[in-house]
Structure formats: C-alpha cells, structure tokens
C-alpha cells in the first residue's frame, strides 16, 4: 500500500486474514508503534511514509529481544562500506575525488583531539558512500550509526603493546589505500582495502556487552565492558 492509503476496517481485515478482531487490533497497534501506520480515532488506520527511524525502531526491538547484538550491526557495516568503496571506484566523479581527498587530508591536520579525528573519519566514509551513488547504502549505514548512538555503545581499544603508538598512522594508511583505489578507478582494490581497513578496526575494539562467543571471535567475557 502507498503512503496515505487507509486500511480496510478491522472486521474486514479479520475476515480476510481469518483471524480474530483482537489479533487485528494488536497488529495495528504494533505497526503504529513502529511508525508504519497512523491511527486516528474515527478515521481508521492510514499508511505512513517510511523513514530510517522506523528501521532503527525495528532493530532496537530486535536488540531488546536478544535476536541480534551490536557486533552483528558492525559486521553489516563492514559489508556495506566495502560494497560502497567498490561502487565509488566505478561511479566517482572528479568532485567526489576532491571531497574524499580533502577528508583524507584533514586527518593529518595538527592538534586534533579524538572528537575531531572521529569527525574526519566519519566524513571520509560518508564521502565514499556519496560517491557510490546509491542512496539506499547511505541510508542503511546511517541506520546502523543511529542504532549504535542510541544504545550508547562504548568501545575501548585493545592493548596492542608497541603497535598502539602507530595506531593513528596505520588507520590513516588504511584510508589512503581506499582513496587511491577509488581515485584510480580500481573497484577490486577499493573493496579489498575497505574490508582490510574495517577488519583492522574490528580487531582492535571490543564491543561492550558482547561476549566472544556472540562475536564468534573466541574472546573471553573479561575483555568486554558494560553498556552504559
């Protein structure tokens, strides 16, 4: 059904679906809660236009029910961003290349704190998503980001000994490889470097409240912190 269309009456829905009117009523309440229907007394239920917040609400419900965890969301982001890098290498314009290059260069600016560097990182990946010319990819990654923000995910770096001193440089190099592959129009390399970069990040963070068994990494639960 299209946005703005009214549902048929509860009685007709119950007859059509061969269920009780109570079941129909509960289903309508659930769809209203998820933002899919707009229910007005005396006017019935009307289909609403779906936005990304609806998807966030559905995923939040799945999290609350234990059907998924936040590490699953990060794994999906890995897949999406690798695909975006591949498409960006095929579809990028000269303006896209300039935007990606600028956001890469921002990572080298001196005297930046963690928040500024995090913003540079987000802007870099956003510019790659835009260059992919697929609005659904952009929306899906934004949904994952919104979900993680609302759940107040806290991640901390694993202790890596001497490698910690080179962390910033290694992360920059990962971004540089992605940029150069996109600039050169090499989709295979763009996908490879994007996957490698995100794998590097995932290896170094511990998603709060997700045990090693849930992540499939074999890490013990002592390595996880609690979600605040």
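The values are calculated or read from the model by the stated rules, or taken from the named source; none is laboratory data. Keep in mind it's a predicted model, so treat the numbers as computed, not measured. Cβ coordinates were reconstructed from backbone atoms using ideal geometry, including for glycine residues, and neighbour counts include every protein chain displayed.
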Checklist outcome for this item: Of the residues in the stretch 154-167 that are loosely packed, with under 13 Cβ neighbours inside 10 Å and not in a loop (DSSP other than H, G, I, E, B), the one that is modelled with the highest pLDDT is 166
Checklist entry - Hey, residue 214 hits all of (1) within 20 Å of residue 77 (Cα to Cα); (2) more than 15 Å from the chain's Cα centre (by Cα); (3) assigned to a helix (DSSP H, G or I); (4) at pLDDT 80 or above but one; which does it fall short on? => result (4)
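To keep it simple, each residue is scored yes or no on (1) touching a helix residue (DSSP H, G or I) at 6+ places or on another chain (Cβ under 9 Å); (2) in the same structural domain as residue 125 (by TED's automatic domain parsing).
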residue: 44; (1), (2): yes, no
residue: 57; (1), (2): yes, yes
residue: 64; (1), (2): no, yes
residue: 68; (1), (2): yes, yes
residue: 71; (1), (2): yes, yes
residue: 74; (1), (2): yes, yes
residue: 79; (1), (2): yes, yes
residue: 83; (1), (2): yes, yes
residue: 87; (1), (2): yes, yes
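Yes/no matrix, rows are residues, columns are (1) part of a helix (DSSP H, G or I); (2) under 30 Å from residue 195 (Cβ atoms); (3) in contact (Cβ under 8 Å) with a residue 60 or more places away in the chain:
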{"position": "12", "(1), (2), (3)": "yes, no, no"}
{"position": "32", "(1), (2), (3)": "yes, no, no"}
{"position": "42", "(1), (2), (3)": "no, no, no"}
{"position": "80", "(1), (2), (3)": "yes, yes, yes"}
{"position": "84", "(1), (2), (3)": "yes, yes, yes"}
Checklist entry - Which pairs have Cβ atoms under 9 Å, sit 6 or more apart or on different chains, and link a residue in the stretch 109-133 that is in the same structural domain as residue 177 (by TED's automatic domain parsing) to one that is assigned to a loop (DSSP other than H, G, I, E, B) and buried (at least 17 other Cβ atoms within 10 Å of the Cβ)? => result 117/107; 120/107; 121/107; 124/107; 128/92; 131/92; 132/92; 133/92
Checklist entry - Just a yes or no: is a residue in the stretch 82-100 surrounded by 14 or more Cβ atoms within 10 Å (Cβ to Cβ) and modelled with pLDDT under 95? => result no
Checklist outcome for this item: Of the listed residues (68, 54), the one being surrounded by 14 or more Cβ atoms within 10 Å (Cβ to Cβ), without any contact (Cβ under 8 Å) to a residue 60 or more places away in the chain and closer than 30 Å to residue 192 by Cα is 68
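Determine if the stretch 70-78 includes at least one residue that is over 28 Å from residue 133 (Cβ atoms) and under 17 Å from the mean Cα position of the chain (by Cα).
From the stretch 70-78, those over 28 Å from residue 133 (Cβ atoms) are 70-71; that's our starting set.
Next, only the ones that are under 17 Å from the mean Cα position of the chain (by Cα) stay: 70-71.
Yes, there is a match, as at least one residue in the stretch 70-78 is over 28 Å from residue 133 (Cβ atoms) and under 17 Å from the mean Cα position of the chain (by Cα).
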Checklist outcome for this item: Condition set under 13 Å from residue 104 (Cβ atoms), within 23 Å of the chain's Cα centre (by Cα) and modelled with pLDDT of 95 or more, scope the stretch 182-197, selection surrounded by the fewest Cβ atoms within 10 Å (Cβ to Cβ): answer is 193
